[in-house]
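The values are calculated or read from the model by the stated rules, or taken from the named source; none is laboratory data. Small disclaimer: the values here were computed from a predicted structure and weren't measured. Virtual Cβ from ideal backbone geometry, glycine too; neighbours counted across all protein chains shown. Protein only, heavy atoms only, side chains kept; ligands, DNA and RNA dropped before computing areas. Shrake-Rupley method; radii C 1.70, N 1.55, O 1.52, S 1.80 Å.
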Amino acid sequence: QVQLVESGGGSVQAGGSLRLSCAASKRTFSTYIMGWFRQAPGKEREFVAAITWSGGTTYYADSVKGRFTTSRDNAKNTVYLQMNSLKPEDTAVYYCASSRAASLSIPDFGSWGQGTQVTVSS
């Protein structure tokens, strides 16, 4: 199973930026897509963004389109989430996850990182 380690979280003021990283212990052909999710206190975990390892196709939730960008470095087995124009409602624990399926559904993501806290103050 792929092990994932996130880093880069922290506290910023509204309008600021953060970049999250997710390092994978290995990449196999069975890992098709890497996703970013977040969970705010009292809320369900939600999809944020995703990228395919092979072609680099990206997907975004409507709430982050135009502000967040996900990218990958195949040589480093690492994916990134660049977050700009952060808003207080972006405050959450952010997780990266890997899936063997061409799906953005949370149950299809089998490996998860430990999460990193992002706090945006107004």
### Query
By per-residue mean of other Cβ atoms within 10 Å, what is the highest-first order of 101-108, 85-92?
85-92, 101-108
### Message
Over the range 12-113, what portion of Cα pair distances is larger than 16 Å, expressed as a whole percent?
### Response
54 percent
### Task
Return the carbon/sulfur percentage of the accessible area of the chain, one whole number, probe 1.4 Å, all protein chains in place.
47 percent
### Message
Cross-link candidates for K76: which lysines have Cα within less than 17 Å, leaving aside residues fewer than 8 places away along the same chain?
### Response
K26
### Summary
So, with points 7 Å from each Cα along the Cβ direction, the R100-Q1 label distance in nm works out to 1.3 nm
### With all protein chains modelled, accessible area of T119 [1.4 Å, Å²]
50 Å²
### Query
What nm value, rounded to one decimal, do you get for the distance between D108 and D73 when each label is placed 7 Å out toward the C-beta?
2.8 nm
### Task
Could you pull out the trypsin sites (Lys or Arg not before Pro) across the range 1-110 that fall in loop regions by DSSP (anything but H, G, I, E, B) with no more than 12 other Cβ atoms inside 10 Å?
K26, K43, K65
### Query
With every protein chain present, what is the per residue accessible area of the chain (1.4 Å probe, Å²)?
50 Å²
